[in-house]
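To keep things clear, I will list the structure first and then write my remarks on it.
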Amino acid sequence: MNKWEVFVMDMSELAEGKDIELSIRTLNAGLHKYTYKRVKCQVSAKQDKFPDSLQVRMGRGQLSASKYSIKVLEEVQRMPEKYL
Amino acid sequence: MSKISAPKSNREFIEACVKAGDAVRIKQEVDWENEAGAIVRRACELGAAAPFMEKIKDYPGFSYFGAPLSTYRRMAISLGMDPASSLPEIGKEYLKRTNSEPIAPVLVDRKDAPCKENILMGKDVDLCKLPVPLVHDGDGGRYVGTWHAVVTKHPVRGDVNWGMYRQMMFDSRTMSGAVFPFSDLGKALNEYYLPRGETCPFATAIGLSPLAAMAACAPSPIPEPELVGMLSGEPARLVKCETNDLEVPADAEIIIEGEICPDYKVEEGPFGEYTGYRTSPRDFRVTFRVNCITYRNNATMTISNMGVPQDEGQLLRSFSLGLELEKLLKSQGIPVTGVYMHPRSTHHMMIVGVKPTYSGIAQQIAQLAFGSKLGPWFHMVMVVDDQTDIFNWDEVYHAFCTRCHPVNGIHVYKNTTGTPLYPYATPHERKYSIGSKVLFDCLWPVDWDKINDVPTLVSFKNVYPKDVQEKVMSNWTAYGYPEVK
Ligand SMILES: Cc1cc2nc3c(=O)[nH]c(=O)nc-3n(C[C@H](O)[C@H](O)[C@H](O)COP(=O)(O)O)c2cc1C
């Protein structure tokens, strides 16, 4: 199980039942903790729906009490090819 | 030969601080995740010695130095002065040195540049190989740059800019940073690179000599490499980057080289800020792609932890903003007696002392201050007369509460340049850096009759004849009072 975290301004950004795109950061222990990935994913407010956990923080870093689960479908490359 | 003997590197500075009792060596292991940040924060809030953390979890061979210039004592040490120097003495020395002849930097060979001792290129580049700290719990990321200089060169004019713009680690090769549009780098990006779709070479230097760091966050028009020379009395030692034409401080602990991608932005923030809050919204900000990392053996990463007063965000910035405004006002021939920002104002209030020799002088001061390059960083100007001690808040506060006319003395300026960091600003104002400003004119109006209209200050110094004052002072202990220092 991987642990992820996301920052949102509004909980409606975590729409359920459809594929969405998010910037999530890993909370797995190790040197890369807190680095981000842009992903296509599905999320759920039910903690046991998807294999990975998703912790939520609001816009100024406040930890939300809601715990989500997440299924990462694929990594999304936002960066223009010329910079890769 | 220079008479100044200021620390020439971060290492010399740490040694000088330890010797003076202004830094402590922490031998036990410290976690990069929150613990190091919490130590620095507590040291700032207590006004304690700077923590030199010699052992970092997961990162053998690296160390941290926190809160480098969050006290006036350490500021005096950085300038090679007696640590007990008073603030006006430190200010006078800063003005003397920064009004002297510019001292050009020297370029050294890479074999003489300690920052080249280790080099990571290509697939080896990974910011996570550096002990990038999570400074505050709940920050948007681990911050690489909290006490550093982002080095760039203007593509047309060729002048070099070192700016302290915070940088967050987004992933192993990407950083995002708060480069505001009114900053030197922000202007170069928006005026040149963005329209052309070209990348802007940069180098981030971490673990600088304290005077190089001071120059990077000083709002001075003098190019920073020369300013460092003027502050330290000798040429700054620079070395060429590995992957671009920029020159960086040879004795810095860590150098991160790369390119700014002007047309591609990733999320940055939130982050603890100098106002004592997390205010600016998490937003898509300037993106830095990393191509190369070089660092010294046993490199020390520097950490400034911004939050409630006082850290270098308030102390150092208040110091240099105030003194740079003093230079500007004097250059315009205004009879100012001094300018001071109290660090607790989180550099939001300029207190200006002036000889009120003509009408409208307070407005002239405010308009110059707000209209200058320094203007976006503060929103209050308070003008007092030359009889008021600007460093004594009790006197300034008394002048404000008694002389500032609620209608005639308060002037509001709307729709000015602001920053997203102002806690009182509306969400819309923060998003678009819209500001507003206020002047508190605490001068007696020049058209009041000096004898009949201007009230008399009733103080020991002002109402008693000199001989009575002297008699009372010399008899003070004889009356039974303890000596007054
Ligand atoms: C610890 C610290 C952090 C700072 N972070 C930022 C920042 O993230 N963005 C910014 O625009 N200015 C920041 N500043 C202020 C700039 O360093 C300062 O405005 C400097 O003069 C920038 O130069 P420029 O305006 O000439 O570009 C910071 C200052 C300090 C002391």
Loop-located trypsin sites (Lys or Arg not before Pro) in region B:148-196 whose Cβ has at most 15 other Cβ within 10 Å (DSSP): B:Arg157
Please list, in chain and number order, the residues 5+ apart from B:Asn34 or on another chain whose amide H is under 5 Å from its amide H, with Hs placed from the backbone. B:Leu134
Rounded to the nearest 0.05, what FRET efficiency is calculated for A:Lys46 and A:Leu73 with R0 set to 22 Å and r the Cβ-Cβ distance? 0.80
Over region B:332-454, the quotient of the Cα radius of gyration and 2.2 N^0.38 Å is 1.08
Hits among aspartates and glutamates - C-alpha to C-alpha of B:Lys19 under 14 Å, sequence gap 8 or more where chains match: B:Asp82
If you average the C-alpha positions of region B:255-279 and of region B:124-193 separately, how far apart do those two centres end up, in angstrom? 6
Given a cut-off of 20 Å, name the pairs among B:Lys327/B:Lys373; A:Lys37/B:Lys153; B:Lys327/B:Lys355 whose C-alpha atoms lie farther apart than that in the structure shown. A:Lys37/B:Lys153
Quick check: with the 1.4 Å probe, what order do B:Val458, B:Val108 take by accessible area, largest first? B:Val458, B:Val108
Considering only protein heavy atoms, with the full assembly of protein chains and a 1.4 angstrom probe, order A:Met1, A:Met9, B:Met380 by accessible area, largest first. A:Met1, A:Met9, B:Met380
Relative compactness, the protein assembly as shown, computed as alpha-carbon Rg over 2.2 N^0.38 Å: 1.05
Region B:1-86: trypsin sites (Lys or Arg not before Pro) in DSSP coil with no more than 14 other Cβ atoms inside 10 Å: B:Lys3, B:Lys27, B:Lys57
Given a 1.4 Å probe and the protein chains all in place, what does the accessible area of A:Leu84 round to, in Å² to the nearest 10? 110
Taking a label point 7 Å from the Cα of A:Glu13 along Cα-to-Cβ, the residues of region A:22-44 whose backbone nitrogen sits under 17 Å from it are A:22-27, A:34-44
Mind scanning A:Lys3/B:Lys123; B:Lys55/B:Lys96; A:Lys18/B:Lys123; A:Lys82/B:Lys187; B:Lys8/B:Lys92; A:Lys71/B:Lys129 and naming the pairs with a C-alpha gap bigger than 30 Å? B:Lys55/B:Lys96; A:Lys18/B:Lys123
Using +1 on the beta carbon of Lys and Arg, -1 on that of Asp and Glu, and nothing else charged, what's the dipole of chain B about the Cα centre, debye to 20? 60
Could you tell me the accessible area of B:Leu246 in Å² (1.4 Å probe, neighbours in place), rounded to the nearest ten? 10
Whenever you get a sec, compute what percent of the accessible area on the protein assembly as shown sits on carbon and sulfur atoms (1.4 Å probe). 52
With θ set to phi - 60° and the Karplus curve 6.51 cos²θ - 1.76 cosθ + 1.60, what are the ³J(HN,Hα) couplings of region B:246-252 in order, to the nearest whole Hz, using x for Gly and Pro? 6, 10, 10, x, 5, 9, 5
Ordering B:Glu101, B:Glu324, B:Glu45, B:Glu395 from largest to smallest accessible area (1.4 angstrom probe), what's the sequence? B:Glu101, B:Glu45, B:Glu395, B:Glu324
Please list, in order along region B:288-295, the HN-Hα scalar couplings obtained from phi with the Karplus expression 6.51 cos²θ - 1.76 cosθ + 1.60 (θ = phi - 60°), rounded to whole Hz, x for Gly and Pro. 10, 9, 9, 10, 7, 10, 10, 7
Output the 0 to 90 degree angle, nearest 10, between the alpha-carbon long axis of helix B:393-403 and the longest principal axis computed from the alpha carbons of chain B. 60
Go through region B:346-351 residue by residue and turn each phi into a ³J(HN,Hα) via Karplus (6.51, -1.76, 1.60, θ = phi - 60°); whole Hz please, and just put x for glycine and proline. 6, 6, 9, 10, 8, 9
Rounded to the nearest 10 degrees, the helix B:361-371 long axis (Cα) sits at an angle to the longest Cα principal axis of chain B of 10
Would you kindly find the accessible area of A:Thr26, with a 1.4 Å probe and non-protein molecules such as ligands, DNA and RNA excluded, rounding to the nearest 10 Å²? 20
Degrees, to the nearest 10: B:35-46 long Cα axis against longest axis of chain B: 10
Please compute the average number of Cβ atoms from other chains found within 10 Å of each residue's Cβ in peptide A:22-34. 4
Quick one, what does Rg over Rh come out to for region B:10-303 if you take C-alpha atoms and the Kirkwood Rh? 0.94
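The values are calculated or read from the model by the stated rules, or taken from the named source; none is laboratory data. Bear in mind the structure is a predicted one, so any value in this text is a computation, not a measurement. As a convention, Cβ positions derive from the backbone with ideal geometry for all residues, glycine included, and neighbour counts pool all protein chains shown. Only protein heavy atoms, including side chains, enter the accessible area calculation; ligands, DNA and RNA are left aside. Shrake-Rupley method; radii C 1.70, N 1.55, O 1.52, S 1.80 Å.
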